[in-house]
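Visitor: To start, I am sharing the structure in question, which I have written as structure tokens.
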Amino acid sequence: MRYPQLKLFHNPQSRSAGVRILLEELAIPAEFELVDFKAPEKSPALMAANPLGKVPTLIADDAVVTEQVAIYQFLAELNPAAGLSPAVGDPLRGPYLRALAFYGSSFEPAMIDKALKRDSGQHGMSPYGSQAAVEQWVRSQLQAGSWFLGERFTAVDCLWGTALGWMTRFGLIEATPEIAAYLERFAARPAVQRARALDQALLAG
């Protein structure tokens with residue numbers, strides 16, 4: 001199977017860390033360009049691809065893919081044999097897409113508001129309703145099985161496993177027993193360990 005030529009604008013201390021893990025899980029080769037957050041100016045190549053200057057930003061042949069949910073879905077579908085993206089018609093397809101979308105539309109906005117001590121505003125105007133409801137939904141997902149969607153590991157886990165690691169580390173969400181156990185299982189995966197070792201080498205180099 002021919003994969004597109006992939007280039008990921010990446011920093012291990014950012015949202016792109018999970019994309020590196022997903023690429024390891026999928027065994028898809030990619031070029032990585034380290035984006036130095038301490039540099040006085042953003043990478044010209046990154047700004048040319050994504051005027052927002054955000055990572056992850058992915059170039060696939062000549063196509064630019066931004067936004068976490070789009071990148072995870074795009075990559076997971078490049079290698080159907082890996083089984084990380086439930087196919088159309090699979091009963092897990094709807095929950096899978098929901099979990100991806102929920103992260104970007106509800107969970108991250110709720111956690112950013114929490115970090116900045118901002119009120120969620122009127123329920124009808126808030127994209128997520130209440131922070132408590134968002135956190136409870138996440139916990140309920142992790143009480144139902146080993147992974148975010150039950151017993152099947154999917155690309156969703158690369159996103160949520162990475163994000164919950166950051167969120168618990170910074171105290172934005174409590175590492176309740178089900179979250180702590182999930183993060184332990186996630187960290188034990190060989191692809192996660194490989195990706196983290198590669199990222200440490202990237203930063204050291």
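The values are calculated or read from the model by the stated rules, or taken from the named source; none is laboratory data. Values in this document were obtained by computation on a predicted structure and should not be read as measured data. All Cβ positions, even for glycine, are placed from backbone atoms using ideal geometry, and neighbour counts span all protein chains on display.
Visitor: Being closer than 13 Å to L159 by Cβ and either hydrophobic (A, V, I, L, M, F, W, C) or free of Cβ contacts under 8 Å to residues at least 60 places away in the same chain (or both) is the requirement here; does V64 meet it? Give the steps one after another, and end with the answer.
Guide: On the way: closer than 13 Å to L159 by Cβ: no; either hydrophobic (A, V, I, L, M, F, W, C) or free of Cβ contacts under 8 Å to residues at least 60 places away in the same chain (or both): yes.
So V64 does not fit the description; no.
Visitor: With more than 17 Å from the chain's Cα centre (by Cα) and closer than 14 Å to G18 by Cα as the only criterion, which of L159, L198 stands out? Let's see the steps before the verdict.
Guide: Working: L159 fails: more than 17 Å from the chain's Cα centre (by Cα).
Exactly one of L159, L198 is more than 17 Å from the chain's Cα centre (by Cα) and closer than 14 Å to G18 by Cα, namely L198.
Visitor: Scanning region 79-91 for residues that are among the small types (G, A, S) and part of a helix (DSSP H, G or I), which turns out surrounded by the fewest Cβ atoms within 10 Å (Cβ to Cβ)?
Guide: Selected residue: A81.
Visitor: Take the residues of region 151-180 that are over 27 Å from L116 (Cα atoms) and in contact (Cβ under 8 Å) with a residue 12 or more places away in the chain: which is surrounded by the most Cβ atoms within 10 Å (Cβ to Cβ)? Before you say what the answer is, go through the steps one by one.
Guide: In the first step, residues of region 151-180 are kept if they are over 27 Å from L116 (Cα atoms); the result is 151-155.
Still in the running and in contact (Cβ under 8 Å) with a residue 12 or more places away in the chain: 152-155.
Details: R152: 17, F153: 21, T154: 25, A155: 29.
Result: A155.
Visitor: Select, from K38, K42, K7, the only residue that is without any contact (Cβ under 8 Å) to a residue 12 or more places away in the chain, surrounded by 14 or more Cβ atoms within 10 Å (Cβ to Cβ) and farther than 17 Å from G161 by Cβ. Can you show your working first?
Guide: On the way: K38 fails: surrounded by 14 or more Cβ atoms within 10 Å (Cβ to Cβ); K7 fails: without any contact (Cβ under 8 Å) to a residue 12 or more places away in the chain.
Every option except K42 fails the conditions.
Visitor: Can you confirm whether region 67-74 contains a residue that is surrounded by 13 or more Cβ atoms within 10 Å (Cβ to Cβ), without any contact (Cβ under 8 Å) to a residue 12 or more places away in the chain and within 24 Å of A17 (Cα to Cα)? Give the steps one after another, and end with the answer.
Guide: Of the residues in region 67-74, the ones surrounded by 13 or more Cβ atoms within 10 Å (Cβ to Cβ) are 67-74.
Checking which are without any contact (Cβ under 8 Å) to a residue 12 or more places away in the chain leaves us with 70.
Cutting the leftovers down to within 24 Å of A17 (Cα to Cα) gives us 70.
Checked region 67-74: at least one residue is surrounded by 13 or more Cβ atoms within 10 Å (Cβ to Cβ), without any contact (Cβ under 8 Å) to a residue 12 or more places away in the chain and within 24 Å of A17 (Cα to Cα).
Visitor: Same structure again: Having 2 or more residues that are acidic (D, E) and at pLDDT 95 or above is the bar; report the helices (runs of 4 or more DSSP H) wholly within region 1-78 that clear it. Walk me through how you get there before you give the answer.
Guide: On the way: elements: 17-26, 44-49, 68-78.
Hits in region 1-78: 17-26.
Visitor: A further question on this structure: Quick one: A110 ticks every box in (1) surrounded by fewer than 18 Cβ atoms within 10 Å (Cβ to Cβ); (2) assigned to a helix (DSSP H, G or I); (3) over 15 Å from the mean Cα position of the chain (by Cα) except a single one, so which number is it?
Guide: (1)
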